[in-house]
Amino acid sequence: METGLIPASSLPAVRRAPFSVGRRRVWSRAVLLPYGYAVASTLGVTLLVAMVVPSLGRVAPFGPLLLIVIGGGYFWGPGPAFVATLLGACLTDVLL
């Protein structure tokens, strides 16, 4: 009696790299580097506004961060732009 299924022994073995999603490694430098740039630039701009131009922080606190979010979305993609948005909102609330 034949079931029509292919026996598992005749299928080719599939090799996958550990901690991988598709072809990119999860913790590789190419994946984490844009997020590092987003965090560093958001932190730098927020501290610069808080120290150099405190009046801008009171009048338009999210203005300089808008450039970071748009630039992050253009150059690094939506993930780092979202991280910059969340971090910028939290830092603005705390520092400004």
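Can you find a residue in the range 51-69 that is within 16 Å of Pro34 (Cβ to Cβ) and either β-branched (Val, Ile, Thr) or under 19 Å from the mean Cα position of the chain (by Cα) (or both)? Yes - at least one qualifying residue is present in the range 51-69. Screening Leu33 on (1) in contact with a helix residue (DSSP H, G or I) (Cβ under 8 Å, 6 or more places away or on another chain); (2) of a type outside the set (Phe, Trp, Tyr); (3) at pLDDT 85 or above shows it passes everything except condition (1). Taking the range 46-81 as the range and being crowded, with 18+ Cβ neighbours inside 10 Å, part of a helix (DSSP H, G or I) and touching a residue at least 24 places away in the same chain (Cβ under 8 Å) as the test, the residues that pass are Thr46, Val49, Gly57, Leu65, Ile68, Gly72, Pro80, Ala81.
Scanning the range 62-76 for residues that are more than 18 Å from Val94 (Cβ to Cβ) and of a type outside the set (A, V, I, L, M, F, W, C) gives Gly71, Gly72, Gly73, Tyr74.
The values are calculated or read from the model by the stated rules, or taken from the named source; none is laboratory data. What you see is a predicted model; the values in this text were computed from it and never measured. Reconstructed Cβ throughout: ideal geometry from the backbone, glycine too, with neighbour counts over all protein chains shown.
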